[in-house]
Amino acid sequence: MSSEEFRAGMRKLTGGVTIITSMDAEGNRCGLTATAVCSLSTEPPSLLACVNRSSSVATVVEASGVFAVNVLSLDQQPVAEVFAGRAGLVREERFAAGEWIKGAITGAPVLSQTCVSFECEIAEVKEFGTHLILIGTVAKTHCAPEDDNPLIYGNGAFLTAAAPPQAAA
């Protein structure tokens, strides 16, 4: 099977839009938009994220041992586009989009006012093909106080899944 055929099929798989971030020893931030993130275990709380080995995030995460997964809400699509490289910005320049704080536990960049952010410490890194599989133990979860509709991506476009209306009591 060709990689193009595989990519066409994977475009049909819908996923939550996240920004994976980290920071190097000098405090320089980096991040990228990703949909390859999922929960792994509740004991210990952990998740996995996949990033291209050629990305700055892959290099920095391996050295720093920490990363954050920021799950975007519908109104954060412009931020997703910047971190996907559509604005031509790189590394620190991308952080002009959105409001960022330093993670309380890991120091990894956390996006303010997003659905949820997870600060993670690397438990294990696996190489597979063009990507690194980051297995992270969640050190802190930052949940939004209100129920935001999450931003999702599928079939080559940003989408949203609105919660169904509540039945009258």
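The values are calculated or read from the model by the stated rules, or taken from the named source; none is laboratory data. All values reported here derive from a predicted model rather than from experimental measurement. Cβ: placed from backbone, ideal geometry, glycine included. Neighbour counts: every protein chain shown. Areas reflect the complete protein model, heavy atoms only, side chains present, ligands, DNA and RNA absent. Shrake-Rupley method; radii C 1.70, N 1.55, O 1.52, S 1.80 Å.
Before moving on, here are some points about what is shown:
- Counting only strands (runs of 3 or more DSSP E) that sit completely within region 119-163, those holding 2 or more residues that are under 20 Å from S41 (Cβ atoms) correspond to 131-143.
- All of (1) open to solvent by 40 Å² or more (accessible area, probe 1.4 Å); (2) in contact (Cβ under 8 Å) with a residue 24 or more places away in the chain; (3) hydroxyl-bearing (S, T, Y) hold for T21 with one exception: (1).
- Some residue of region 80-101 being touching a Leu at 6+ places or on another chain (Cβ under 9 Å), open to solvent by 60 Å² or more (accessible area, probe 1.4 Å) and over 25 Å from A161 (Cβ atoms): yes
- None of A96, A80, A104, A123 is more than 18 Å from V37 (Cα to Cα) and touching a strand residue (DSSP E or B) at 6+ places or on another chain (Cβ under 9 Å) except A104.
- Number of residues in region 58-76 that are open to solvent by 60 Å² or more (accessible area, probe 1.4 Å) and either of a type in the set (G, A, S) or under 13 Å from the mean Cα position of the chain (by Cα) (or both) equals 1.
- Of everything listed in (1) at pLDDT 95 or above; (2) open to solvent by less than 20 Å² (accessible area, probe 1.4 Å), the single unmet condition for L48 is (2).
- The residue that is surrounded by the most Cβ atoms within 10 Å (Cβ to Cβ), among those in region 103-113 that are more than 15 Å from the chain's Cα centre (by Cα) and without any contact (Cβ under 8 Å) to a residue 60 or more places away in the chain, is T106.
- Hits in region 114-126 - residues which are open to solvent by 30 Å² or more (accessible area, probe 1.4 Å) and in contact (Cβ under 8 Å) with a residue 60 or more places away in the chain: F118, I122, A123, V125
- Every residue from region 36-47 that is out of contact with any Ser or Thr (no Cβ under 6 Å at 6 or more places or on another chain) and either over 19 Å from V110 (Cβ atoms) or basic (K, R) (or both): A36, C38, S41, T42, E43
- Any hit, region 148-167, residues being open to solvent by 50 Å² or more (accessible area, probe 1.4 Å), over 15 Å from the mean Cα position of the chain (by Cα) and at pLDDT 90 or above: no
- Taking region 127-147 as the range and being among the β-branched types (V, I, T) and open to solvent by 40 Å² or more (accessible area, probe 1.4 Å) as the test, the residues that pass are T130, I133, T137, T141.
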